[in-house]
Amino acid sequence: MIFFDTVKNENIFISIAEDIEPFLAGASIDADGQTYYEFQKKITTKYTCVIDARSGRVRHITEDASSIAPGVGERVIGIKKIPDKYFESLPSDWQFDGTKIIAYQKSKEELIAVANTIKTKLMDVANAAIAPLQDAVDLGIANDDEAALLLEWKKYRVFLNRTDTTTAPVTGWPVPPVT
């Protein structure tokens, strides 16, 4: 496995052929002053992977090493195989463990943050559904179906509010009313 650690980016002139004028291009450069443009010629694996050098989280995997322009703090590695189910998720759901790409295991804090985001979005949906129904009831123009649906949405919102996200991952989200 070959590594390229980007420590800086700068402008360089490259030439794609001897008889063509060199052109200005951005270059990723490692600690030895090697450019990614030169490094990519050494990659012999089928896939090239860009990871965050600090966290090991995957940023991108490709078969075309020339399509990558790693940024500062990113590492490029060659890998032989893409993990099963890689394309069923986001690249950041994967990490490099030093030898292979594995599923990223979220910390408890990250799981709680995800649960809080989900709860906020579900609460927004509930509030949006309740507002016009409540208006109809307040104005005395709600029909029986609207009044009943308002009650169901309010119950849902109470149960949603009681959902404890500190136990993330949350597995028992309340089910919203059918409209």
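The values are calculated or read from the model by the stated rules, or taken from the named source; none is laboratory data. The structure displayed is predicted, hence computed values, not measured ones. Cβ coordinates were reconstructed from backbone atoms using ideal geometry, including for glycine residues, and neighbour counts include every protein chain displayed. These area figures cover heavy atoms from the full protein model, side chains too; ligands, DNA and RNA do not enter into them. Shrake-Rupley method; radii C 1.70, N 1.55, O 1.52, S 1.80 Å.
Residues that are of a type in the set (A, V, I, L, M, F, W, C) and open to solvent by 60 Å² or more (accessible area, probe 1.4 Å) within the stretch 127-136 comprise just one, 128.
Among the strands (runs of 3 or more DSSP E) lying completely within the stretch 29-126, list those that include at least 1 residues that are open to solvent by 70 Å² or more (accessible area, probe 1.4 Å) and touching a strand residue (DSSP E or B) at 6+ places or on another chain (Cβ under 7 Å).
58-62
Please find, within the stretch 158-173, the residue that is surrounded by the fewest Cβ atoms within 10 Å (Cβ to Cβ) out of those that are modelled with pLDDT of 95 or more and either β-branched (Val, Ile, Thr) or not in a loop (DSSP other than H, G, I, E, B) (or both).
Going residue by residue through the stretch 158-173, those that are modelled with pLDDT of 95 or more are 158-166, 173.
Filter again for either β-branched (Val, Ile, Thr) or not in a loop (DSSP other than H, G, I, E, B) (or both), leaving 158-163, 165-166.
Working: 158: 11, 159: 15, 160: 17, 161: 11, 162: 8, 163: 16, 165: 17, 166: 10.
Only one residue fits best here, namely 162.
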